[in-house]
Amino acid sequence: MERQAFGAQKTAGQPGRSAWQAMKRGFLGRCPNCGEGKLFASFARTNDSCEVCGEAFHHHRADDLPAYLVIFIVGHVVVGAFMGAEAVTQLSMWQHLAIWVPVTIVSAIALLQPVKGAVVGLQWAFHMHGFGGHPDELETHPEG
């Protein structure tokens, strides 16, 4: 793989794709290729392909990365906010629970689809998991 400008990747004769643009489109729930078609068929399930440009999504492999990223982001924001609130207020433990448990749950649910879209966009931009027109090595050379 040969690197181009920051945020773009060129692979074996294929045009470079902007990772930032693809991730932004995915974050917004749009096709990373054209930016117009819907990326998701339901809350966390991607469409098999874009209804506008025909780009296939069925082979993406986001797996658990979006959930780990959401936990990382929400955890840091909520713990920081909790510690800040604890430093400046006199809330009881029950009040903290009444505030931070719902904030954590709502934030995690709200971020899951956008983060998954950004991960799919990143995979598309870097020609990963079938987005480069070639099968994964795991698919062509299964172990065991």
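Yes/no per residue for (1) without any contact (Cβ under 8 Å) to a residue 12 or more places away in the chain; (2) more than 29 Å from ARG30 (Cβ to Cβ); (3) hydrophobic (A, V, I, L, M, F, W, C); (4) touching an Asp or Glu at 6+ places or on another chain (Cβ under 6 Å):
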position	(1), (2), (3), (4)
VAL52	no, no, yes, yes
ALA56	no, no, yes, no
PRO66	no, no, no, no
VAL79	yes, yes, yes, no
PHE82	no, yes, yes, no
LEU112	no, no, yes, no
VAL115	no, no, yes, no
ALA118	no, no, yes, no
- [ ] Would you be able to tell me the number of residues in region 30-64 that are aromatic (Phe, Trp, Tyr) and at pLDDT 90 or above?
- [x] 2
Open item on the list: When the residues of region 84-104 are narrowed to those that are loosely packed, with under 14 Cβ neighbours inside 10 Å and touching a helix residue (DSSP H, G or I) at 6+ places or on another chain (Cβ under 9 Å), which ends up nearest to PHE72 (Cα to Cα)?
Closed with: GLU86
Task: Condition check for SER42: under 17 Å from the mean Cα position of the chain (by Cα) and either among the small types (Gly, Ala, Ser) or loosely packed, with under 11 Cβ neighbours inside 10 Å (or both) - done: yes
Task: From GLN95, GLN14, residue being more than 15 Å from the chain's Cα centre (by Cα) and modelled with pLDDT under 95 - done: GLN14
- [ ] Could you grab me the full set of residues in region 47-61 that are of a type in the set (Gly, Ala, Ser) and farther than 11 Å from TRP124 by Cα?
- [x] SER49, GLY54
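The values are calculated or read from the model by the stated rules, or taken from the named source; none is laboratory data. Computed from a predicted structure; not experimentally measured. No Cβ is skipped: glycine too gets one built from the backbone with ideal geometry, and neighbour counts run over all protein chains shown.
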